[in-house]
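Participant: This is the structure, below, for whatever I ask next.
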Amino acid sequence: MIKRWIPSWPLSLAIFCFWLLMNSEVSIAHAVMALLIAIAVPLVAARLDREFASIGSLRKVPKMLCVLAWDIVASNIEVARRVLGSEKKITPGFIWLPLDISNIHGIAALTSIITLTPGTLSAMLSDDRRYLLVHVFNLKDADEVIRQIKTRYEIPLMEIFP
């Protein structure tokens, strides 16, 4: 019975705590509102999400997070160098990234990672989920950008989200 009303305890608890943190004071009214939202949001989300996440091996997560952190720092430096330099040396462009990953949660993680990395931005996912349109701030070699995204992010994500 409780599982029916609260399908995800961690999500409900997180929503409850964040709601209280977002308000400047803790009162009975805020706590009641937080409780109502903490019950309602997971119920609605459970009905919307028809494709459940299946989690595979989490062994790749720490290494991938280190790679991502390194790439964010290196990309920040590269983008700053390009922005402060000559505009003629900047060659923005779009590429269609062919996707081997099919899990929608893995695709969402990949698009987030691409957008988090300065100099790249996920722009659109094709209707068949086979291609991702990516804007690249300084596009010299499209094949190299595709290779880097696939080896650094997509392959580890395919192990996490089979």
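Each value in this text was obtained by applying a stated rule to the coordinates, not by laboratory testing. Since we're looking at a predicted model, the values are computed, not measured. No Cβ is skipped: glycine too gets one built from the backbone with ideal geometry, and neighbour counts run over all protein chains shown.
Participant: Please turn the phi angles of segment 127-142 into ³J(HN,Hα) values with the Karplus equation 6.51 cos²θ - 1.76 cosθ + 1.60 (θ = phi - 60°), one per residue in order, whole Hz, x for glycine and proline.
Facilitator: Once θ is set to phi - 60°, the couplings for segment 127-142 become 4, 8, 6, 9, 9, 10, 7, 10, 8, 10, 4, 9, 8, 9, 9, 4 Hz.
Participant: Say each of Ile37 and Ser126 gets a label point 7 Å from the Cα, pointing the same way as Cα to Cβ; how far apart are those two points in nm?
Facilitator: Inter-label distance under the simple model: 4.0 nm.
Participant: Shifting gears a bit: Tell me the label-point distance for the pair Ile146, Ile72, using the 7 Å Cα-to-Cβ offset, in nm and rounded to one decimal.
Facilitator: Computed distance between label sites Ile146 and Ile72 equals 2.8 nm.
Participant: How big is the Rg/Rh ratio for segment 60-160, C-alpha atoms only, Rh by Kirkwood, two decimals? Provide the component values of the computation, followed by the final result.
Facilitator: Numbers: Rg = 13.6 Å, Rh = 14.0 Å.
Ratio of gyration radius to Kirkwood radius: 0.97.
Participant: What residues have an amide H closer than 5 Å to that of Ala123, excluding those fewer than 5 places away on the same chain, when H is modeled at 1.01 Å from N in the peptide plane?
Facilitator: Those qualifying (amide H under 5 Å, at least 5 residues apart or on another chain) are Leu133, Val134, His135.
Participant: Taking amide H atoms as placed 1.01 Å from N in the peptide plane, list the residues 5 or more away in sequence, or in a different chain, whose amide H sits under 5 Å from that of Leu139.
Facilitator: When sequence neighbours closer than 5 places are left aside, the close amide H contacts are Thr91, Gly93.
Participant: A further question follows. Which is farthest toward the positive dipole end of segment 5-162 among Ala29, Ser112, Val41, measuring Cα position about the Cα centre, with Cβ charges +1 (Lys, Arg) and -1 (Asp, Glu)?
Facilitator: Looking along the dipole axis, the top candidate is Ser112.
Participant: Continuing with this model, one more query. Return the distance in nm (one decimal) between the two label points of a simple spin-label model at Ile28 and Leu58, each offset 7 Å from Cα along Cα→Cβ.
Facilitator: 4.0 nm
Participant: I would also like to ask the following. If one takes the longest principal axis of the Cα atoms in the chain, at what angle in degrees, from 0 to 90 and to the nearest 10, does the Cα axis of helix 60-84 lie?
Facilitator: 50 degrees
Participant: Still on this model: The chain: longest stretch without exposed GluC sites (Glu not before Pro) (DSSP loop, at most 16 other Cβ within 10 Å), sites themselves excluded?
Facilitator: 52-162
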